[in-house]
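Novice: Below you will find the structure I want to go over with you.
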Amino acid sequence: MVVNNLKLLVGGVQLRDAVTTVTDILGKLFVRAGLHVLAMERGYASTIYGAHQFDPMVVAATPPLSYGDDRTDVLVSLEHDTNPDSPIKPNRDTILRHGKNLKEGGVLIYDNSTETVEVGELQARGVKVFPLPARQIAQRELKMEVTKNTIVTGALLRLLEFDMDYALFGAYLEGRFLSKGRGVVDINLEAARRGRAAVEEILSSNGWDSVGYRLEPQPSSVPNLLLTGNEAIAMGSILAGCRFYSGYPITPATSILEFLEKHLPRYGGRVLQGQNERESIRAAIGASIAGVRSAVGSSGPGISLKVEEFGLAGATETPLVIVDTQRAGPATGMPTKSEQGDLAMAIYAGHGEIPRIVLSAGTIEECYSLAFEAFDLADKYQCPVFLLSDLTLTDGRKNLPETYFTENQKPVVRHGLVRAADPGGDGYKRFAITESGISPRSIVGTPGAIFKVSGTEHDETGLITTDPPKRKAIFEKRMRKMQTYLKEDAKPPQVFGSPDGVPLLIGWGSTKMPLLDAQARLRSEGMETCVIYFTHIWPFPVHLVAPLLRQGSVLIVVEQNYSGQLADVIQQECLIETRRVLKYNGRPFYTADIAGGVRQVLAGGPGVVRVGEEAPDAAVETVPEGD
Amino acid sequence: MSVASPEAARLWEQNAFPRHRIQWCPGCGDFGVLAALKMALMRIGVMPHEVLLVGGIGCSGQTRNYLNGNGFHGTHGGPLGYALGAKMVAPDLTVIALAGDGDTLAIGMESFIHVCRRDPAVTLILMNNGVYGLTRGQDSPTTGLGKIMEEHTEEHPPFVDPARLAITAGATFVAQSFSGDPRHCADIYAQAFRHPGFAMVNDFSPCVTYNKFNTAGWYREHSEHVPEGHDVSDKAAAWALLDDFDRRGKLPLGIIYRAPRRKKAHARLPIWEEELAGIDPEPMFSVFR
């Protein structure tokens, strides 16, 4: 019996089968019971309806290090055929795609309302199969098709022997539906019971006592929150004092916009859905000049469109936080798939040179805590600050104790904002030359501190100039801020293990989780490694990094992109050779990808190992994933 | 301080390039805009620190450096975007965008249309000279105003009429002025600044160097004031007026359309530490439990 340790995967047709309702409900119930949940792949497609969607979720007794390998314990297929004569069998899609990854002794539940699926191969591997006519029960018995996923949920609760008295589930239903009437709660409870009854029948007809997996509630002293990386960034931003946000709808950044539209006005802020990516960032720059902490969020294509304004924010020394939730590029790329392909853009994009800071989150915790740092650094250094995230985080969900959020909430400090200066005269200089490069900043409307700001080169007062000595002085002043940053605020990479003489596994972004998992796996196989993981990437803290990296035996940079963008930065800044393990097929790194890639590199293989499936599986006809 | 006193006039000269450093060609229409701008600002009685002048790219955008008041100068096509954001934060600020016909109607066209629709209390003084002056004489979207064209080509399409476009796009204040008559301009600008929504002033401001057709003399000959008795609140009357002037080959100067929209008032957004102290996360926590 496996207790409190499994990976559940729910699959179905996007929108029609409401795939994430099952994981959303179960996730909440598990977390309320004190279990730990990690779901990092919402597996959706860039269509509204009809594509295959899958949502894997790890449930464990302790916080999972990562989402592990692409292996499933409990597979749930919500699909049904709308046309039984069609050669494409949508109700087989989840099974065809994910059945091969079911563990021996795993569990499969699928909807057999329209047809039974041939699963002999799975059964031969010891998979326990539960054909459940959920849609049929919902339509014929409950006369309410929408209850079909509740039937599946009830079946799962029984299979996992979890919340058998519906104490948690009932409370959840009441919280959600009681305002619509007792009847809605009751029909859902009834649906769950029907699912359970169907499972009982299959169990007894096979003579099974249990399926070999069980989830047991664990007492937890503090309430936990279950949230996505985007929600963590949005919540962190509000608490960090952001009061103006603008964005144009784009996957996967949109959920930040939606969360802030809902919550920011309650905190006195405003949210603008721009008419395009450029209006969004321009309005945010205008808002910043007027004094508020201001941010924009977008993903690759939208960030590309904003590039001109990065230079402007840098030249005009306007604080601005730019959230880039990376998705697979180039061009439209794969809008719903994860990648770490925008690092070079964040560091270099734009004509000319500007001071800028690039931070990168690798966990949902860091999405929250780096939001505070991003707004603080933008204020202090009066420059664009990039906060990078990637789709694995934006849509990934994880539970964290409430105390994590309260303990990491930091008070808002407005660095160097001039409230009133020289009221009688005109002595204020917006871009005063200082040793740190940071000039006292006034906002529009400050008596005695009128400023002229221009993206055209200007002097200390902000009036335009092309005078060579003035240009040199003001350019150097701007760039000096980055030296000050390196002295005062740059953080070294996080180090897990001792770097001395062992291979260094280096990463950034959501790769952190599988890197640590791979380190543990390699250790269990007798190989010591050290994980070095970057959150503060630019300006690159060479003085903190180079001595550390020189201690390792070999540098292996693990990134979700084609060329190894962080590896390039390390080579360029530290003059140390790097090897690379890269993945760019749209799926996140699994533990086995990294462990395997590292072994290949260390066995004297190529300097660059590109992981991910080599070729498509045997030609199975599946529902297309949309474009 | 009385609104038009010498002290007030001097006040608007501070924090700016002195007159002898102004880099406009002698006779440039923008001098008239600058003079009118100062008159209008004195008339509405604001202090320079309460004003944000957002300049576009081109000769017109330089206006912000030639008088007191906060100035911001960003990217080509951007002024209305910055102005929108600043105004959303600080409703008491007098926000004025100063941009040319290229900046507003070519690269900034989408911004122009949507700002008309959004209706922030921002004034746009569209310094329209029918040419790209700074880059030395290329066609702008308003090139060809008043010229009889037998045939058009893709390279040289008919001109854009910002007044008609603004009304169509939902602007609530649409006016035209001629910088050769700064007193009249000032009168229009002052009303625009007081308008509670987006105010578009299409100001004919001749380029003496690169537009040898739409000269100051040409504008004088081809413009007339909006007749008294024109009902500015009536959209149909605004169209009829524009049609009537078109038929007669004239440009109407004055307020063509003014119909303020009912709008929700917003307070200034929280900026200072004391306004951002002790933020309560509980309302957000409850979503995730």
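We did not get these values from a lab; they are worked out from the coordinates using the rules stated. Keep in mind it's a predicted model, so treat the numbers as computed, not measured. A quick note on method: Cβ atoms are made from the backbone with ideal geometry, for glycine too, and the neighbour counts reach across all protein chains shown.
Novice: Translational diffusion coefficient of the stretch A:494-610 at 37 °C, 0.692 mPa s, Stokes-Einstein with Kirkwood Rh over Cα pairs, in µm²/s as a whole number.
Specialist: Values: Rh = 13.9 Å.
D = 236 µm²/s.
Novice: Could you tell me the largest-minus-smallest coordinate of the C-alpha atoms of the stretch A:1-108 on each of the three principal axes, in descending order and whole angstroms?
Specialist: 46, 29, 20
Novice: Could you give the distance between the Cα centres of the stretch B:14-93 and the stretch A:268-303, to the whole Å?
Specialist: About 23 Å separates the Cα centre of the stretch B:14-93 from the one of the stretch A:268-303.
Novice: What does the charge dipole of the stretch A:416-489 about its Cα centre add up to, to the nearest 20 debye, if the Cβ of each Lys and Arg holds +1 and the Cβ of each Asp and Glu holds -1? All intermediate terms of the calculation are to be shown ahead of the outcome.
Specialist: Values: 13 positive and 10 negative charges, 29 e Å.
In total the dipole reaches around 140 debye.
Novice: What's the extension gain from residue A:524 to residue A:403 if we count 0.36 nm per residue and subtract their Cα-Cα distance? Could the numbers behind the result be given before it?
Specialist: Values: separation 121, 0.36 × 121 = 43.56 nm, distance 3.24 nm.
Here the segment from residue A:524 to residue A:403 would lengthen by 40.3 nm.
Novice: Using the Kirkwood radius over Cα pairs, work out the Stokes-Einstein diffusion coefficient for the protein assembly as shown at 4 °C and 1.567 mPa s, in µm²/s as a whole number. Intermediate results must be reported in sequence, preceding the final value.
Specialist: Working: Rh = 30.5 Å.
Estimated diffusion coefficient is 42 µm²/s.
Novice: Convex hull over the Cα atoms of the stretch B:32-80, averaged projected area in nm²?
Specialist: Numbers: hull surface 13.4 nm².
The Cα convex hull of the stretch B:32-80, projected and averaged over all directions, gives 3.3 nm².
Novice: Can you work out the FRET efficiency for the pair residue A:206 and residue A:563, with r the C-beta to C-beta distance and R0 = 51 Å, to the nearest 0.05? Walk me through the numbers on the way to the answer.
Specialist: Values: r = 52 Å, r/R0 = 1.02.
Result of the calculation: an efficiency of 0.45.
Novice: Please state, to two decimals, what the Cα-based radius of gyration of the stretch A:416-489 comes to when divided by 2.2 N^0.38 Å (N = residues). Kindly include the intermediate steps, with their values, before the conclusion.
Specialist: Details: Rg = 12.8 Å, N = 74, 2.2 N^0.38 = 11.3 Å.
Taking N as the residue count of the stretch A:416-489, the ratio is 1.14.
Novice: What is the distance in Å between the Cα centroid of the stretch A:9-29 and that of the stretch B:246-289?
Specialist: 38 Å
Novice: What is the spin-label model distance, in nm, from residue A:554 to residue B:183 if the labels are put 7 Å beyond Cα along the C-beta direction?
Specialist: So the two model labels end up 8.7 nm from each other.
Novice: Work out, step by step, the length gained on full extension between residue A:433 and residue A:193: first 0.36 nm times the residue separation, then minus their alpha carbon distance; give nm to one decimal.
Specialist: Values: separation 240, 0.36 × 240 = 86.40 nm, distance 7.28 nm.
In short, 79.1 nm is gained.
Novice: Give me a single rounded figure for A:231-241: the average over its residues of other chain Cβ atoms within 10 Å of their Cβ.
Specialist: Working: counts 3, 1, 0, 1, 5, 1, 0, 4, 5, 2, 8.
So the per-residue partner count for this stretch is 3.
Novice: log10 I(q)/I(0), Debye, Cα-only the stretch B:163-289, no solvent, q = 0.17 Å⁻¹?
Specialist: -0.91
Novice: Now for a different question. Between A:378, A:302, A:362, whose Cα lies farthest towards the positive end of the dipole of the stretch A:293-409 when Lys and Arg beta carbons carry +1 and Asp and Glu beta carbons carry -1, centred on the Cα centre?
Specialist: Most positive-ward Cα: A:302.
Novice: Now a separate question. Can you run the Rg to Rh ratio on the stretch A:386-455? Use alpha carbon positions and the Kirkwood inverse-distance Rh.
Specialist: Working: Rg = 19.7 Å, Rh = 16.2 Å.
So for the stretch A:386-455, dividing Rg by the Kirkwood Rh gives 1.22.
Novice: Here is a further query. Summing -39500 (n - 2.57) over the DSSP H runs of n ≥ 4 in chain A and dividing by its residue number, what mean residue ellipticity at 222 nm do you reach, to the nearest 500 deg cm²/dmol? Intermediate results must be reported in sequence, preceding the final value.
Specialist: Numbers: 19 runs with 221 residues, N = 627.
Calculated mean residue ellipticity at 222 nm is -11000 deg cm²/dmol.
Novice: Still on this structure, I have one more. Please identify, among B:153, B:75, B:209, the residue showing maximal mean-square fluctuation in a Gaussian network model of chain B using a 10 angstrom Cα cutoff.
Specialist: The residue with the greatest mean-square fluctuation here is B:153.
Novice: Could you give me the radius of gyration and the Dmax of the stretch B:133-211, taking only the C-alpha atoms into account and expressing both in angstrom?
Specialist: My reading of the Cα-based Rg and Dmax gives 14.8, 43 Å.
Novice: Among B:146, B:86, B:131, whose Cα projects farthest towards the positive end of the dipole of chain B, with charges put on the beta-carbon of Lys, Arg (+1) and Asp, Glu (-1)?
Specialist: Result: B:86.
Novice: Here are some pairs, A:28/A:512; B:87/B:212; A:148/A:512; A:337/A:512; A:103/A:143; which of them have Cα atoms lying more than 29 Å apart in this structure? Intermediate results must be reported in sequence, preceding the final value.
Specialist: Values: A:28/A:512 25 Å; B:87/B:212 38 Å; A:148/A:512 37 Å; A:337/A:512 18 Å; A:103/A:143 36 Å.
Violating the 29 Å limit, Cα to Cα: B:87/B:212; A:148/A:512; A:103/A:143.
Novice: Now, a different point. Per q in 0.09, 0.11, 0.14, 0.21 1/Å, what log10 I(q)/I(0) does a Debye calculation on the alpha-carbon atoms of the stretch B:1-150 return?
Specialist: Result of the Debye calculation: -0.29, -0.43, -0.68, -1.35.
Novice: If you don't mind, there's one more thing I want to ask. Hand me the GluC sites (Glu not before Pro) from the stretch A:414-476 located in a DSSP loop with no more than 11 other Cβ atoms within 10 Å, in residue order please.
Specialist: Taking the stretch A:414-476 and a limit of 11 other Cβ atoms within 10 Å, the loop GluC sites (Glu not before Pro) found are A:435.
Novice: Any number yet on Rg/Rh for chain B, C-alpha, Kirkwood? Can you show the working numbers first?
Specialist: Numbers: Rg = 20.0 Å, Rh = 19.8 Å.
Answer for chain B: 1.01.
Novice: Related question: Looking at A:234, A:98, A:608, which one has the Cα that reaches farthest to the positive end of the dipole of the protein assembly as shown (charges on Cβ: Lys, Arg +1; Asp, Glu -1)?
Specialist: Of A:234, A:98, A:608, it is A:234.
Novice: Once the Cβ-Cβ distance between residue A:186 and residue A:410 is put in as r, and R0 is 35 Å, what FRET efficiency do you end up with, to the nearest 0.05?
Specialist: On the way: r = 46 Å, r/R0 = 1.32.
Here the calculated transfer efficiency is 0.15.
Novice: Looking at the stretch A:51-159, I'd like the Rg to Rh ratio, where Rg is from alpha-carbon atoms and Rh is Kirkwood's inverse mean 1/r. Numbers along the way, then the final one.
Specialist: Working: Rg = 14.6 Å, Rh = 14.8 Å.
Ratio of gyration radius to Kirkwood radius for the stretch A:51-159: 0.98.
Novice: Moving on. With +1 on each Lys and Arg Cβ and -1 on each Asp and Glu Cβ, how big is the dipole of the protein assembly as shown about its Cα centre, in debye rounded to the nearest 20?
Specialist: Working: 92 positive and 105 negative charges, 360 e Å.
Dipole of the protein assembly as shown, to the nearest 20 debye: 1720 debye.
Novice: P(r) tail for the stretch A:114-174, what percent of Cα pairs lie past 15 Å?
Specialist: Working: 1135 of 1830 pairs.
When all Cα pairs of the stretch A:114-174 are counted, 62 percent exceed 15 Å.
Novice: Now for a separate question. Report P(r) for the stretch A:226-407: all Cα-Cα distances, bin width 10 Å, range 0 to the bin holding the largest distance, values in whole percent.
Specialist: The distribution over the stretch A:226-407 is 11, 43, 38, 8, 0, given as percents.
Novice: Now for a different question. Label points 7 Å out from Cα along the Cβ direction at residue B:10 and residue B:239: separation in nm?
Specialist: Between residue B:10 and residue B:239, the simple spin-label model gives 5.4 nm.
Novice: What full-extension length gain, to one decimal in nm, is calculated for residue B:22 and residue B:35 as 0.36 nm per residue of separation minus the Cα-Cα distance? Show your work: numbers first, answer last.
Specialist: Values: separation 13, 0.36 × 13 = 4.68 nm, distance 1.28 nm.
Answer, rounded to one decimal: 3.4 nm.
Novice: Let me ask something else about it. Can you divide the C-alpha Rg of the stretch A:2-214 by 2.2 N^0.38 Å and report the result to two decimal places?
Specialist: Values: Rg = 16.2 Å, N = 213, 2.2 N^0.38 = 16.9 Å.
Here the Cα radius of gyration is 0.96 times the empirical estimate.
Novice: Let's test the formula: R0 of 45 Å, r as the Cβ-Cβ distance of residue A:49 and residue A:171. What FRET efficiency results, to the nearest 0.05? Present the calculation step by step, with values, prior to reporting the outcome.
Specialist: Details: r = 32 Å, r/R0 = 0.72.
Once the sixth-power term is evaluated, E becomes 0.90.
Novice: According to a simple spin-label model (label point 7 Å from Cα along Cα-to-Cβ), what is the distance in nm between residue A:100 and residue A:222?
Specialist: 4.4 nm
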